[in-house]
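Single-structure report; data block below.
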Amino acid sequence: MPQAAGHGEDHGRTGPTRRAAIPQRRAFLRFAAAAGGATLLSSCTGSDASHSGGGTATGPAAGTTTGGANGAAPSAGASAGGNPVAYSGPARPADWAAVARDLSGPLVRPGEGDYATAKLLFDPRFDGLHPAGIAYCASPHDVATSLAFARRHGLPVAARCGGHSYAGWSSTSGLIVDVTRMAGVSVSGGTAVVGAGTRLIDFYSGLAASGRGVPGGSCPTVGIAGLTLGGGVGVVSRAYGLTSDNVLSMQIVTADGQVRTASPSRNPDLYWACRGGGGGNFGVVTSFTFRTHPVGEIILFFLSWPWSQAGRVIAGWQSWAPHAPDALWSNLHLAAAPGGGTPSIEVGGTYLGSVGGAYAELEKLYAAVGSDPSSPYLESTTWLHAMLVEAGCAPWTVAECHLPTQNPAGRFMRASEYAKSDFFTRPLSSSGIGTLLSGVENLQLVAGAPGGGGGIAFDAMGGAVNRVAPGATAYVHRNALFQAQYTTGWTPGAASAGVANQRAWQRSFWRSMRPYASGQAYQNYIDPDLTNWRQAYYGANYARLKRVKAAHDPDRVFTFPQAI
Ligand SMILES: Cc1cc2nc3c(=O)[nH]c(=O)nc-3n(C[C@H](O)[C@H](O)[C@H](O)COP(=O)(O)OP(=O)(O)OC[C@H]3O[C@@H](n4cnc5c(N)ncnc54)[C@H](O)[C@@H]3O)c2cc1C
């Protein structure tokens, strides 16, 4: 039996082996980032200040064939929710000046000092987009004012929170309705009211101050609004469900400018649709009320095996991870880099319980794989520290775990990445495992971009996520064993031919897995390539989502290429 682990200690199976737990984790994260092996965890790895990446690239990467901004204008002069708005022609400078006076938060327009920063999303691929204005709404009233202005002048609208849409659909040629001024966490007993503009690291730290937690994603700068509206998968989802499964109610401004509560008793159709129906569809959410969970110590583990054993690790992991106790969540990550080297395979995860309990569960994985990991690491730590580790920010403070544009202390960097997703409802057969291994290895044959890499990350499902009926909320994917994200990244601003080659590799890899995947895709890993996205994201729930859309946004004020 291993010795009890404490903060910052690094334990092998047979006892402490090394210290410097976090540096080891960050070394993995850096490797993953360098390899472009971006995953739920590693795609959002913070970078050292010396990282050459973020914030400097100009224009979307060449080779980008999809994505890019919601440019469809709402129907001018149309009515929404029974509240007609008269079209008064294109907005003139005087109109912009008038609406700016009406808003309590700032409105930033092209040519103004802050515009170059204000227009940016997380991914430098979208730096070439030029919205006509960014309204930093400080209240639901500001949101209603912005929506009325956009409709009056026929401007396309996009809600924006963390700006992590994989397709850039929180930007627009028209008006961005930014909610980040409505941020903050207020805990009361077992619930928390959270401003819709709160970023994940602030969400976690605000809750942790009261000893509470809500499941969410790993990337610290993802916005709570985008994450929650599309589901929200994170490191304790098997124990506590999706982020959206923990929403008790929300406040939303619909296309008609009305501020509504969506809850089981008020606007229950909106409440249903906004838990998995995807951001940018039904209105602009301004706050959420969440059910919270008490959080104390949490176990983190990271285990790696030599690539030569990858087939056995995949087979062992898939027979173990989805069926483990709810307290155990894990992720299987395979990564490679163009131009050679050896791919890597790692299992990472969390356990809500004792160190001994965690080891007992991990022993089952080792038995299923048929060998011990070559690099085992386990740490018992606080909830907030675990969230910083998962975010790739572990040596930093919460303030540092932001972009420099979000916090003067921020050291986190923007990153470029393409993503595709799958859900798997059956274990991979031996031929599926072979296809998976070849898919990862094929990246090594690609002439990639500087800093290029990629891979696939599987998140274990089951547990609390799958105990919710598929029609109970708009999030339909309740029968998966695991979810996968295929990613490929590069140093922002890198050579376009290499980026295009990596993109082609990713598409071909994803195509090769068609015989094994369920055909469902994760709406939060929104994928402009998908032609059957209605079925893939929403399945049998799409028909009801369309009815909710017709009731609350009949004129499609909120629209983008994959809008309900
Ligand atoms: C690096 C990275 C890491 C990620 N990690 C995870 C993870 O661990 N788990 C997970 O589940 N997902 C993860 N995701 C996916 C993430 O959940 C989605 O991209 C999500 O939509 C991002 O939300 P956002 O607010 O940051 O993005 P935004 O781009 O601001 O918004 C996304 C969509 O929601 C809409 N929207 C934004 N704010 C509002 C609002 N207030 N009201 C209504 N609509 C709104 C936008 O219009 C847009 O359509 C990750 C994504 C990236 C890029």
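FYI, it's all coordinate maths here, none of it is from the lab. Quantities reported herein were computed from a predicted structural model and do not represent experimental measurements. Backbone-built Cβ (ideal geometry, glycine too); neighbour counts: all protein chains shown.
Summary table
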read-out: Peptides ranked, highest mean first, by Cβ atoms within 10 Å: ranges 169-179, 400-410; value: 169-179, 400-410
read-out: MRE, 222 nm, helices only [DSSP H, n ≥ 4, -39500 (n - 2.57), over the chain, to nearest 500]; value: -7500 deg cm²/dmol
read-out: Gln535/Ser496 FRET efficiency (R0 35 Å; Cβ-Cβ; nearest 0.05); value: 0.60
read-out: Acute angle (nearest 10 degrees) that the helix 430-442 long axis makes with the longest principal axis of the chain, alpha-carbon atoms; value: 70 degrees
read-out: Karplus (6.51, -1.76, 1.60) ³J(HN,Hα), θ = phi - 60°, over region 194-200, in Hz, Gly and Pro reported as x; value: 10, x, 5, x, 6, 8, 4
read-out: Trypsin sites (Lys or Arg not before Pro) within region 214-306: DSSP coil, no more than 16 neighbouring Cβ in 10 Å; value: Arg266
read-out: From phi via Karplus (6.51, -1.76, 1.60), per-residue ³J(HN,Hα) for region 453-468 in Hz, x at Gly/Pro; value: x, x, x, 9, 10, 9, 9, 5, 10, x, x, 4, 4, 8, 7, 8
read-out: Dipole magnitude of the chain about its Cα centre (Cβ charges: Lys, Arg +1; Asp, Glu -1), debye to nearest 20; value: 940 debye
read-out: For region 512-544 and region 380-401, distance of Cα centres in Å; value: 32 Å
read-out: Charge dipole (the chain, unit charges on Cβ, about Cα centre) - positive-most of Pro268, Val194, Thr350; value: Pro268
read-out: Dipole magnitude of region 413-564 about its Cα centre (Cβ charges: Lys, Arg +1; Asp, Glu -1), debye to nearest 20; value: 480 debye
read-out: Charge dipole (region 360-463, unit charges on Cβ, about Cα centre) - positive-most of Ser375, Ala457, Gln444; value: Gln444
read-out: Sorted by Cβ neighbour density within 10 Å, fewest at the top, the residues Thr487, Thr342; value: Thr342, Thr487
read-out: Size descriptor, Kirkwood hydrodynamic radius, that averages inverse alpha-carbon separations across the chain, Å; value: 23.6 Å
read-out: Inter-label distance for Ser308 and Glu112, nm, one decimal - labels placed 7 Å from Cα along Cα-to-Cβ; value: 6.2 nm
read-out: Pair Ala399, Asp269: separation of 7 Å Cα→Cβ label points (nm); value: 4.8 nm
read-out: Prolate/oblate/rounded call for region 239-364, Cα gyration tensor, a/c under 1.5 rounded; value: prolate
read-out: Highest average packing first - 507-516, 381-390, Cβ atoms within 10 Å; value: 381-390, 507-516
read-out: Potential lengthening between Ser371 and Ser88 on full extension [0.36 nm per residue; Cα-Cα distance subtracted]; value: 94.8 nm
read-out: Cα centre as origin, Lys/Arg/Asp/Glu Cβ charges: region 138-286 dipole, Debye; value: 20 debye
